[in-house]
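A short write-up of the structure that comes next.
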Amino acid sequence: MCLAIPGKLLEVSSENGLRMGRVDYGGTVTTACLEYLPEAEVGQYVVVHAGFGLSVINEAEVERTLAIWKELYESAAQQGVDIHGRKLESDTTTNETPEESG
Amino acid sequence: MKFVDEFRDPDLAKQILGRISQTVTQPWVIMEICGGQTHAIMRHGLDQLLPDDISLVHGPGCPVCVTPLEYIDKAIRLSLEPSVILTTFGDMMRVPGSEMNLLTARSRGADVRMVYNPLDAVKLARENRDKKVVFFSVGFETTAPNSAMAVSLAKRERLDNFFLLVSHVLVPPAIEALVSSPGNRVNAYLLAGHVCAVMGWCEYEAISTRFKLPMVVTGFEPVDLLSGILAVVEQLESGTSCVENRYERVVTREGNLRARQLIEDVFSIVDRRWRGIGTIPQSGFALSSSYRNYDAETHFGLESHVVNEPANCISGAILQGLKKPPDCPAFGKECHPVSPLGATMVSSEGACSAYYKYALTTQRK
C-alpha cells in the first residue's frame, strides 16, 4: 500500500554499508533505507515506500501550492464571490479566510 | 500531522469541488491508476461528492491484484521446499493460489515469513547460510528499487543463498494497453504519485501526446486528488492534453535518478502477464543477465504454466476500468475479504476491498 504520510527523519546511520534512517510518523518510529536519498537531512520529511525513502518533501512547493489556492480563494472573496464565481452568503465559511488574513 | 492536515482541509476541498462543478459541462471518465488512491477516494467519499458527469474508474495499480496466479503458485511451491525460507510482503500472504495461499502453506510446515523491507530478507540469508532465502518480489516501479538494492547487496556480500522470485510490472505499458483496447472508455488519467516519485513523469509525455490524453500526477490526500481531478477536467473541457504535476512536493519530472539507475542495472524489461488482463508486451522487469544467479525461477527450475481464474470473478474487467465492484454478482455475497474469490478483494489496495470497506451500502453510481 502506498503510505502517503510523510515521516520526519530523526537520525541517519550506516548499516551493512547502506545509508539508513529512523523515521517518525507522528509517534510511530520505523527504520528506512536512505540510499536513494543521499541529500535527506535530519529534521526533513521523507516519503517512504516499503522500507525505502523515495523522496524528500519539498517544503517550498508545499507553501507555493497552498499559497496559490489561498490567493484564488481570497481574490474571489474580495469580489464578493467564491472561486467559482457564485455570490458569497454572509454566514458561509468562505468569508472567514480573508478576515483572518486581514 | 505536518504535510497531511493541510491537504485534508475541508474548506479547501469544498472550494476545489465547486470549481470542478463549475468547469464540467459533459460526462467524463477518469481513471486513477493507483490502488492507494482508490482507497483514499473511497475513504473520503470523494466519488460521492463529485458532479454526476464525472465517473471515476479504478485502474490496475494494485500490485497484489495483478500478480499472476501462476506466480502465487510458484511462491507456494518454493515455500514447500524444505531448504527454502520464502519471504514476501504481508499483502501477498492471503492471496489465493489455485490450490491454497501462503498462509495455508505455512500451516502445512512451509517456512514463510512476512517482511516489511526486502533488506530483511537479505539479513535472513546472511543469518541462515544453510537455507535458501527467496524474496517474492512483486509490485510496480515503487518496489522495484527496493528489490534492486536487496539483490545488489546480496551480490556485494557474495551471498549465494539469496534469490528473487520476480513478478514486477510497469505502469506506462499498462496505460498504453488499456487505451488501445477496444472497450476503452477512459478519457483521462490520474498518474500514481509514488510511481512518479521514482520514475518521474517524463515517460508519460509521449503517451499523452500520442493518444491525446490528459494525465496528471496526483497525490493521496483529498486536496491532492481533487486538485488532480480539476486539472484533468480543465484539460478535457478545453480540448488540450499534456502531463501536469499536482504532487509537486514529492514528484519531479525526472524522479529519483539513483533509484532509476539501480533499477536499470539490475533489471531488464520483458513481456509480463497481468492477472485479469493478460500479457502486455515489455510491461515488466526480470533480473538482467548479470544477476541471473539470483533468479529463483532459474535456480529452482520453475516452469511457466497458465492457471485460469474462478469463472464467477470479474476482477479482470475491474482492473481494466470496464466494470465496478458492485457490478459483480458475487460482490459482498460469496466474495468478501474473509473469503475472497479474486485478488481485488483480498488485497488491501484492491478496488473490491475498498468498496466492501467503505461503500458497500451505497448505490451504484
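The values are calculated or read from the model by the stated rules, or taken from the named source; none is laboratory data. Note that this is a predicted model, so its numbers are computed, not measured. Quick reminder, even Gly has a Cβ in these numbers, built from the backbone with ideal geometry, and neighbours come from all protein chains shown. Quick note on the areas: whole protein, heavy atoms, side chains included, nothing else; ligands and nucleic acids left out. Shrake-Rupley method; radii C 1.70, N 1.55, O 1.52, S 1.80 Å.
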Inset, instruction - Give me the angle, in degrees from 0 to 90, between the Cα long axis of helix B:69-79 and the longest principal axis of the Cα atoms of chain B, rounded to the nearest 10. - result: 30 degrees
Inset, instruction - Run the dipole for segment B:315-364 about the Cα centre, Lys and Arg Cβ at +1, Asp and Glu Cβ at -1, nothing else charged, and hand back the magnitude in debye, nearest 20. - result: 140 debye
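Ignore the peptide's own chain and count Cβ atoms of other chains within 10 Å of each Cβ in B:256-268; give me the average, rounded. Numbers along the way, then the final one.
On the way: counts 7, 1, 5, 7, 1, 1, 2, 0, 0, 0, 0, 0, 0.
That works out to 2 on average.
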Inset, instruction - Report, in whole Å, the centroid distance computed from the Cα atoms of segment B:144-182 and segment A:1-58. - result: 21 Å
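Does the protein assembly as shown come out rounded, prolate or oblate by the C-alpha gyration tensor, with a ≥ b ≥ c the root eigenvalues, rounded set by a/c under 1.5 and, if not, prolate when a/b is larger than b/c and oblate if not?
The shape class here is prolate.
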Legend entry - Per-pair calculated FRET efficiency, R0 = 41 Å: B:Tyr116 and B:Asp53 via Cβ, rounded to 0.05: 0.45
Inset, instruction - Give me the number: length gained by fully extending B:His336 to B:Thr25, i.e. 0.36 nm times residue separation minus the C-alpha to C-alpha distance, one decimal in nm. - result: 108.2 nm
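With a 1.4 Å probe and all protein chains left in place, how much of the accessible area of segment B:315-364 comes from carbon and sulfur atoms, in whole percent? Don't jump to the answer; show the numbers that get you there.
On the way: 1150 of 2180 Å².
Heavy-atom surface of segment B:315-364 belonging to carbon and sulfur, 1.4 Å probe: 53 percent.
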Legend entry - Rel. contact order, % - alpha carbon contacts under 8 angstrom, at least six apart, chain B: 22 percent
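When ligands, DNA and RNA are left out and all protein chains stay put, how many square angstrom of accessible area per residue does segment B:59-160 have with a 1.4 Å probe?
Values: 3540 Å² over 102 residues.
I get 35 Å² per residue for this part.
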Inset, instruction - For an R0 of 22 angstrom, estimate the FRET efficiency from the Cβ-Cβ distance between B:Arg210 and B:Gln261 and round to the nearest 0.05. - result: 0.25
Legend entry - Accessible area that becomes buried as B packs against A, both chains, 1.4 Å probe, Å², nearest 100: 4100 Å²
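Students sometimes get this wrong: rank B:Met215, B:Met100 by accessible area, probe 1.4 Å, all chains present, largest first. Walk me through the numbers before you get to the answer.
Details: B:Met215 0, B:Met100 30 Å².
If we order B:Met215, B:Met100 from most to least accessible, we get B:Met100, B:Met215.
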Inset, instruction - Would you mind checking A:Lys8/B:Lys131; B:Lys74/B:Lys123; B:Lys2/B:Lys212; A:Lys70/B:Lys2; A:Lys8/B:Lys155 for any pair whose Cα atoms are more than 25 angstrom apart? - result: A:Lys8/B:Lys131; B:Lys2/B:Lys212; A:Lys8/B:Lys155
Inset, instruction - Pull up the DSSP beta bridges for chain B and report the antiparallel fraction as a percent, rounded to 5. - result: 25 percent
Legend entry - Rounded if a/c under 1.5, otherwise prolate or oblate - segment B:315-364, Cα gyration tensor axes: rounded
Inset, instruction - Mind ranking B:Ser290, B:Ser353 by accessible surface for me, highest first, 1.4 Å probe? - result: B:Ser290, B:Ser353
Legend entry - B:Arg108 versus B:Met1: modelled label distance in nm, points set 7 Å from Cα along the beta carbon direction: 3.9 nm
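Please state the shape class of segment B:209-295: rounded when a/c is under 1.5, otherwise prolate if a/b exceeds b/c and oblate if not, all from the C-alpha gyration tensor.
On the way: a/c = 2.62, a/b = 1.83, b/c = 1.43.
Since a/c reaches 1.5 and a/b is larger than b/c, the shape of segment B:209-295 is classed as prolate.
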Legend entry - By average C-beta atoms within 10 angstrom, highest first, the peptides B:183-192, B:321-330, A:18-27: B:183-192, B:321-330, A:18-27
Inset, instruction - Under 4.7 Å Cβ to Cβ, no partner at all: give me those cysteines from chain B, in residue order. - result: B:Cys34, B:Cys196, B:Cys202, B:Cys242, B:Cys313, B:Cys328, B:Cys335, B:Cys352
Inset, instruction - Would you tell me the mean number of C-beta atoms belonging to other protein chains that fall within 10 Å of each C-beta in A:59-72, as a whole number? - result: 4
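Within 10 Å, count the other beta carbons around each residue, average over each peptide in B:84-96, B:19-31, and list them highest first.
Values: B:84-96: 21.9, B:19-31: 17.4.
For the peptides B:84-96, B:19-31, the packing ranking is B:84-96, B:19-31.
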Inset, instruction - Starting from the residue with the highest accessible area, list A:Thr31, B:Thr104 in decreasing order, probe 1.4 Å. - result: A:Thr31, B:Thr104
Inset, instruction - Rank by packing, highest mean first: peptides B:279-287, A:55-63, with packing defined as the count of other Cβ atoms within 10 Å averaged across residues. - result: B:279-287, A:55-63
